[in-house]
Amino acid sequence: MFDSVIIGAGVAGSVAARELAESGRSVLVLEQRDHIGGNCYDEPDEHGILIHKYGPHIFHTKEKKAYDYLSRFTDWYAFGHEVVANVYGKLIPVPFNLNTLHMVYEKEKADTLEKKLIETFGMGSRVPILKLREQEDPEIRQIADYVYENIFLHYTMKQWGQTPEEIDPAVTGRVPVVISYDNRYFQEPWQGMPLHGYTPMFEKMLDHPKIRVETGVDARSRIRFEEDQVILDGEPFCGEVIYTGPVDELFNCCFGRLPYRSLRFDFEYLDQKDYQGHSVVNYTVSEDFTRITEFKYLTGQKAPGTTIVREYPFAYTGAEGEIPYYSIANEANQALYEKYRALTEKIPNVWLLGRLAEYKYYNIDAMVMKALELTEKIKQEV
Ligand SMILES: Cc1cc2nc3c(=O)[nH]c(=O)nc-3n(C[C@H](O)[C@H](O)[C@H](O)COP(=O)(O)OP(=O)(O)OC[C@H]3O[C@@H](n4cnc5c(N)ncnc54)[C@H](O)[C@@H]3O)c2cc1C
């Protein structure tokens, strides 16, 4: 009945489904959750505030192609995302920039440091703290220490569950200081939120006569692999299968589970107009949670009350209800991933796509680009 089967209706699966459908194929999309959109899914909560169920998602890109592609399915609420860090009760812009400098140091010292930074690195540059640490001037080195201690270290320990010794110095070294007064978190030319939310954007993308979406279906109940063959609903299936779920689960974790960080999201509705005055506040020196998002500031929604969410990271165990969010990039995990990938290589009509199937972090725009690239390849080859 179908030419192609796609497992998962997140960015990867939805873009792939649309592309294959537009090439004339009839496409079946199987999604285990009771909704489409994957982790980008948003919905109004019981108070009517539009929330992102799986954490705040801000679209940002320098890829015009990704922006144009999504713009077929949505208009945009133009939004320059800004993040502040709560450092012992004081809110300062991150990444650390010249505004932060003037909030952290008293005026005379901040003026001198600003002059030195501009003279050494140039206005508008983005300097990794490793570079600041290499400077002879002790005052410039001091900025690197401030950023490391107050913005990076504790936040990273919470996010990744690491001790300071375990934190990769190469990652630490890349933490930037921005020599400008631009408080925006992302510098790409296109950034914003789908005007009516992510879910309507995905609904439009999947609304095609050649696409059938079934939600609430774990694909493993419909599809299995036998030797080098795909069996769909008990019959051999020769069309392409694009799998966007966790690759280890496809093989019952036979080599052991791929490690991930997970998150607990604690939502709270407050009967007040405003909670924190910012979309995202990172807690970089205190608290067990990493950040608080106040959705109204992301979406521009006007409402008498407000909803916030606190994010608590923890190690994913695979227990019922847990969601694997962030793959953990290191050599051992990559080697384990490659063992699973090798199993799929035996089946010529199965393709792995997405943050779970590829065990790799992608932003939305990169995911769009990767899905377009894969479907282009499939269309040319098959
Ligand atoms: C907390 C957080 C915040 C983020 N914020 C941003 C941001 O601000 N900006 C940005 O650009 N990117 C952000 N990202 C990244 C963004 O979420 C990813 O780029 C995007 O979700 C990747 O899409 P995907 O389709 O690969 O994965 P997913 O969205 O996870 O979709 C995979 C889908 O497959 C389904 N599935 C899995 N297994 C099965 C199965 N056996 N049967 C059926 N269905 C199955 C899942 O239920 C899921 O719906 C963020 C990620 C996280 C974790």
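Before moving on, here are some points about what is shown:
- The chain, dipole about Cα centre (Lys/Arg Cβ +1, Asp/Glu Cβ -1), debye to the nearest 20: 540
- Potential lengthening of the chain between MET1 and GLU108 amounts to 31.2 nm, from the contour at 0.36 nm per residue minus the alpha-carbon distance.
- Taking only alpha carbon atoms, the stretch 83-178 gives an Rg to Rh ratio of 0.96, where Rh is the Kirkwood radius.
- Taking other C-beta atoms within 10 angstrom as a stand-in for reagent exposure, VAL11, VAL368 fall in the order VAL368, VAL11, fewest first.
- Contact order normalised by residue count of the stretch 196-332, Cα under 8 Å, 6+ apart, percent: 22
- Cross-link partners of LYS339 among aspartates and glutamates, defined as those whose alpha carbon lies under 17 angstrom from its own and excluding same-chain residues fewer than eight positions apart: GLU227, ASP228, ASP248, GLU249, GLU331, GLU358.
- Against the chain, whose longest principal axis comes from its Cα atoms, helix 364-381 is set at around 30 degrees.
- Degrees, to the nearest 10: 107-121 long Cα axis against longest axis of the chain: 50
- Label point distance in nm, GLN187-LYS204, each placed 7 Å from Cα along Cα→Cβ: 3.1
- Listed residue pairs exceeding 27 Å between alpha carbons, taken from LYS53/LYS370; LYS109/LYS273; LYS62/LYS204; LYS302/LYS370; LYS109/LYS158; LYS210/LYS360: LYS109/LYS273; LYS302/LYS370; LYS109/LYS158; LYS210/LYS360
- With a cut-off of 9 Å between beta carbons, the residues surrounding LYS116 carry a summed charge of -3, where Lys and Arg count +1 and Asp and Glu -1.
- Put in line by how crowded their Cβ is, counting other Cβ atoms within 10 Å and starting with the fewest, THR163, THR299 read THR163, THR299.
- Top of SER180, SER279, SER14 by mean-square fluctuation, Gaussian network on the chain, Cα under 10 Å: SER180
- Rounded if a/c under 1.5, otherwise prolate or oblate - the stretch 337-380, Cα gyration tensor axes: oblate
- As a calculated quantity, the FRET efficiency between GLU235 and GLN32 at R0 = 25 Å, using C-beta atoms, amounts to about 0.70.
- Model label sites at GLU134 and PHE255, defined 7 Å from Cα along the beta-carbon direction, differ in position by 3.7 nm.
- Long-range amide H partners of LEU50 with built H, under 5 Å: ASP45
- Gyration tensor (alpha-carbon) shape descriptor, the chain, a/c threshold 1.5: prolate
- Computed lengthening from LYS115 to GLU43, 0.36 nm per intervening residue step minus Cα-Cα distance: 21.2 nm
The numbers here are math on the coordinates, done by the rules we state, and not lab data. Fair warning: this is a prediction, and the values are worked out from it, not measured in the lab. When we count neighbours, we look across all protein chains shown, and the Cβ atoms used for this are built from the backbone with ideal geometry, even at glycine.
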